[in-house]
Amino acid sequence: MFKRKQRFSIKVTIFTHLLLMIAITSLALIGIQSYYNHQYANQSVTERFQQLFERIELKNKILDQQSRALLSFIEEYPSLKSSTAEHQSQEAILQTLVKTLTNFPEAYAIYIGHADGRFFEVINMNHSPDLWQLLKAPKLARWGVIEVSPDGGDQAYQHRFYNEALQLIDQRRTATNYVPAERPWYQGAIKSTRIYKSNPYLFWHLKSPGITYSKRIRDTQSVVAVDYTVQHMTQLLEKFKPTPDSHVVLFNEAGQRILESSPRQIQEPLPTSAPMKLSVKEQALIENTPELKVSNQLNWAPFDFVRNGQPQGFSVDVMRLIAAKTGLRLQFVNDYTWQQILKQFEAGRLDMVHSIFHTVQRAEIGSFSDAYYPIREYLITHKDVGDIIDDKVFESLTFALVKGWKNTEYLLNRYKNLKFKLYDDTLSRMIAVNKGEADALIDNSDTYARLKAQYQLNQLKLNRPMDELMPLPAEKLRLMLHPDYHYLLPILNRALAAISQTEFQTLKQRWQLNGQASLDRMSLPDRLYYELLNRMPLAEAKTFYEFNLDSQRYLSAYSLINYTGSEKNYLAVFVPKSALMAPFNQQRTMTLWAVTAVLLIILWLAHYSSTVLVKPIRELMHRNQLVEKRNFDQVTPVKTYIQELDELSQTFLKVADSFRNHEKEQDALLKSFIELVAKAIDEKSPYTGAHCARVPQLALMILDKAKQEESQPFKNFQMDENEQKAFEMGAWLHDCGKITTPDYVLDKSTKLDTFYNRIHEIRTRFEVLWRDAEIQYYRSLINQVDKVQATAKLKAMQDQLQHEFALVAQANLATNGVDAELCEKLTAIGSRDWQRHFDNRLGLSDIQLAEFPAKEESLPATEKLLDDKPEHCIARRHFDEQAYHQEGFKLPVPSLLYNLGELHNLTIQQGTLSPEERFKVSEHVMMTLRMLEHLPFPDIYQGVATYAGTHHEKLDGSGYPRQLDASQLSIPERIMAIADIFEALTAPDRPYKKANKLSVALNILLDMCQSGQLDKEVFALLLTSGVYQQYAQQYLKPEQIDEVDIDRYLNALNET
């Protein structure tokens, strides 16, 4: 025992732990500081974002102002104001533009266009590494010059390339139809008194998208322009981004994006298309065909539109598939309205127009291909417009029409008094109807769905299909080819036909056709842009917003940046708030780490101080766990100087001792009860002998050897003390279900046994017949029949009765089998009649009377000597078949509880038990499981029912009651099965059979192992461990123990 020393009061100990209050106070202070720091960080982040936006806005304005100043500066050069080309100094212009580009490297090119078709452009070759390949320039080229001048009425390209010293190093001349005066940058500048700024479009010579600033040279019809590539502008916007995951967008007041940083879009990939087979003639035509200039509308999404100057849309992808299949070279030309596209085509400056409807007038200027996509047009109206039911209501609407569209021409021809407004593109007119500037427009549902979702045109609605209002021909998208290239039409039609349905379906998914348009399928930058665009009206002052998207908080702002242009442009920035919060969060984290470090030191000191209190309490908790786990012997005193805890420790010791003694008493009582039940079962019937007492002994012998065995499958097999106790209980209780088995079934040694041996009843009937024969004899004598004859007849009848009764008695024994001949004899014997003069219902209980037929027989009644009567069939009542199967029992259940029929029992083929009685005997296992599974065993004894209830299962699944197989039977369960059978085979105290010799019992076990019913390894362990000899010496009679060659058995097992 621990030597007692001075103890201290728990109050003194608790006082030493007041240091914990410091930690609580520190945490409270940290929380308050964190809250106010967070508030300050939010305010600082907002201010920082506003400063960042103002810097971005300033940079963009500076770039815009530099471009405008540059053009204003260039137009003042005297060499540019000469009235004729003959007086202009090309060298002076070259030097002027080269000097300007050198000082302003952000620009891609500067050029001058004249009304008479002359054009002069200087290109900065260092602007992009791709320029040398695109322009086929020599490697030493530093400056490129493109000059267009009329040559005998025809336009001609003059390409010249200069080195760093402005020395000409290469030149070439090619024909062209390029007319600068018809280009949008020229027309926009000529019509404006200020500087014209274009949206992104494909540069004619570079074939890459860019933006043009252009200005009319004062008092002339010439225009000077400067180009910026979209790639370069995008890189500038990337530099503007305050954080890597920010997004910068430049857009106009119609909501169309002009430029953006890192433009991305979620789309299905363009399908890979294999080239189609072409004839030699067709290949030659393709090779000799120059690069075709193909139209690209500004904004007819999702079919044909421009995004950051790049051609986009379903029809654009169709053209790319055609190019892949045929080998045609295509150059898309954009920055034209639809009406301008048609004029360019008619003038021969466009070779092909796609996404076009067929009309008679258009067929006169071009060749149309086969259709490649059907379009159903709808009447789209403001939501306040009701359903259109007739022409009168239709004609009362104000329509928003696109210049040059087929439906525009159709409506104006059909309705002479139609009110309308003309627009350059689809988006402009949809916005007009949404604002109420017009009532209706006509377009397809895909364009409507896409633009409505993107621009939140919530005031629009699909009114009804146009073909329901008027007889319109079915519209289909086609290609229109210039007459100069009409020879390509068959090839184009073949290429359209060669586009598979799978490829068309991929394109439909890529462009969200057939009502698939959804903001959710767009990229995050797109969704951010439309979230801002659709939230608020545009204002000229800087405006800041904060909103959530995909569980992320964003700060956004936009501002009007183009004050001098004809079109208002806006700059928008989107920044994740978390990115701006990062420095504050980092600072706050560092502060928290520093405070945490100090707090940890304080806590460590407090922990060290509290050990005096906490350690003994934990030791007491551990002692409590030992008690819970019933490990009473491991409970020891706790060392502590706290008086109350020391007293509690002594109390734990006393409680543990008390529990230990109580558990031993309970275990002894439980074991006594279990052994009492087993002994009662053995005493209940002499026919089971001491089976319930011997099986546990044999099973435990085998189990001990299995735990010691080092070979497989026993190498890792172990059972702790509680598991072994559960196994022992299961072994003692394995036949406890026999309590419910009727004694007469257990003790039935002859076939006619029920609650008594009915052979005596049968013999009495024979006695009656004997007496009847004697009576008949004496009656014959009275009737003066010859005595010798009557005596002989009596003797013959008595001999026959003796013989027949001997046959019945012989059949009644279990040792005698019953064949078909004996069955016939028994049936014949049983057919003898005898007279019953007494009511067979008298003296019977209500339960017994329930088995009799409802109709009573009149007396005297003729009875059969042997009979199967209805009252012999005892019905099975109150049987719950559903519960039986739910418990997993699979042994077939006879329809009757008992069948006591005399012939039915006498003709049993094997043994003395009828099928109903055999089920009753087998039912003891099910009763064992039911009884034990419903007992509230402690957790440590949960396996008792399993061990007790599986000793009749077989590894091949042929056992009962649940027909478990090898995968479901553990090693202890397999041991129990062999122990049960081996004891039954060798039991020396069963009066109904002769005890088997040891070798006979082992032979039977071997057969069962070879047939897959019993476990071979457990049987081998029974032999090799010597358990069979040990058991035989203790429980078998000396005459049962014979020589056993275990090698023969082991060899036989190995051969199986």
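The values are calculated or read from the model by the stated rules, or taken from the named source; none is laboratory data. Model, not experiment: these values are computed from the prediction. Cβ coordinates were reconstructed from backbone atoms using ideal geometry, including for glycine residues, and neighbour counts include every protein chain displayed.
I'd like the residue in the range 898-909 that is touching a Cys at 6+ places or on another chain (Cβ under 9 Å) and not in a helix (DSSP H, G or I) and, out of all such residues, is farthest from Ile829 (Cα to Cα).
The residue in question is Tyr898.
Select, from Glu409, Glu475, Glu437, the only residue that is acidic (Asp, Glu) and without any contact (Cβ under 8 Å) to a residue 40 or more places away in the chain.
So the residue among Glu409, Glu475, Glu437 that is acidic (Asp, Glu) and without any contact (Cβ under 8 Å) to a residue 40 or more places away in the chain is Glu437.
Across the range 367-405, which residue is modelled with the lowest pLDDT among those that are polar (S, T, N, Q) and more than 30 Å from Arg494 (Cβ to Cβ)?
Once the filter is applied, the top-ranked residue is Ser396.
Applying the selection to the range 1026-1056, what residues are part of a helix (DSSP H, G or I) and more than 16 Å from Asn996 (Cα to Cα)?
If the condition is that a residue be part of a helix (DSSP H, G or I) and more than 16 Å from Asn996 (Cα to Cα), then Val1027, Gln1030, Ile1046, Asp1047, Arg1048, Tyr1049, Leu1050, Asn1051, Ala1052, Leu1053, Asn1054, Glu1055 are the ones that fit.
How many residues, within the range 929-958, are surrounded by fewer than 22 Cβ atoms within 10 Å (Cβ to Cβ) and of a type in the set (Gly, Ala, Ser)?
So the count comes out to 3.
So which of Ala1020, Ala977 ends up being at negative phi, free of Cβ contacts under 8 Å to residues at least 60 places away in the same chain, buried (at least 22 other Cβ atoms within 10 Å of the Cβ) and small (Gly, Ala, Ser)?
Only one candidate passes the filter, namely Ala977.
Having 2 or more residues that are among the aliphatic types (A, V, I, L, M), exposed (fewer than 13 other Cβ atoms within 10 Å of the Cβ) and in the same structural domain as His482 (by TED's automatic domain parsing) is the bar; report the helices (runs of 4 or more DSSP H) wholly within the range 353-465 that clear it.
360-363
For the range 620-638, does any single residue satisfy the condition of being at pLDDT 75 or above, of a type in the set (Ser, Thr, Tyr), outside the structural domain of Glu721 (by TED's automatic domain parsing) and surrounded by 12 or more Cβ atoms within 10 Å (Cβ to Cβ)?
Yes, because at least one residue in the range 620-638 is at pLDDT 75 or above, of a type in the set (Ser, Thr, Tyr), outside the structural domain of Glu721 (by TED's automatic domain parsing) and surrounded by 12 or more Cβ atoms within 10 Å (Cβ to Cβ).
Give the residue that is surrounded by the most Cβ atoms within 10 Å (Cβ to Cβ), with candidates limited to residues of the range 662-676 that are of a type outside the set (Lys, Arg) and touching a helix residue (DSSP H, G or I) at 6+ places or on another chain (Cβ under 9 Å).
Ranking the qualifying residues of the range 662-676, first place goes to Ile674.
Going through Leu451, Leu460 one at a time, which residue ends up being over 24 Å from Ser295 (Cα atoms) and in contact (Cβ under 8 Å) with a residue 24 or more places away in the chain?
The match here is Leu460.
Scan the helices (runs of 4 or more DSSP H) fully inside the range 481-537 and keep the ones with 2 or more residues being modelled with pLDDT of 90 or more.
The qualifying helices (runs of 4 or more DSSP H) are 489-498.
For the range 173-194, how many residues meet the condition of being surrounded by fewer than 24 Cβ atoms within 10 Å (Cβ to Cβ), of a type outside the set (S, T, N, Q) and over 12 Å from Phe119 (Cβ atoms)?
Of the residues in the range 173-194, 7 are surrounded by fewer than 24 Cβ atoms within 10 Å (Cβ to Cβ), of a type outside the set (S, T, N, Q) and over 12 Å from Phe119 (Cβ atoms).
Got a number for residues in the range 863-894 being surrounded by 11 or more Cβ atoms within 10 Å (Cβ to Cβ) and either touching a Gly at 6+ places or on another chain (Cβ under 6 Å) or farther than 17 Å from Met926 by Cα (or both)?
So the count comes out to 12.
Any idea which of (1) over 16 Å from His691 (Cβ atoms); (2) loosely packed, with under 15 Cβ neighbours inside 10 Å is the one Gln1034 doesn't satisfy?
Just one mismatch for Gln1034, condition (1).
Would you mind telling me which numbered condition in (1) within 30 Å of Asp868 (Cα to Cα); (2) in a helix (DSSP H, G or I) Met931 fails?
(1)
Would you check if Lys825 is part of a helix (DSSP H, G or I), farther than 28 Å from Arg918 by Cα, modelled with pLDDT of 80 or more and of a type in the set (Lys, Arg)?
no
Does Asn1003 meet the test of being outside any helix (DSSP H, G or I) and of a type outside the set (Val, Ile, Thr)?
Against the criterion (outside any helix (DSSP H, G or I) and of a type outside the set (Val, Ile, Thr)), Asn1003 does not qualify.
Within the range 832-862, which residues are modelled with pLDDT under 80, of a type outside the set (Phe, Trp, Tyr) and surrounded by 13 or more Cβ atoms within 10 Å (Cβ to Cβ)?
Listed by number, the residues that qualify are Arg836, Asn840, Leu844, Glu851, Glu857, Ala861.
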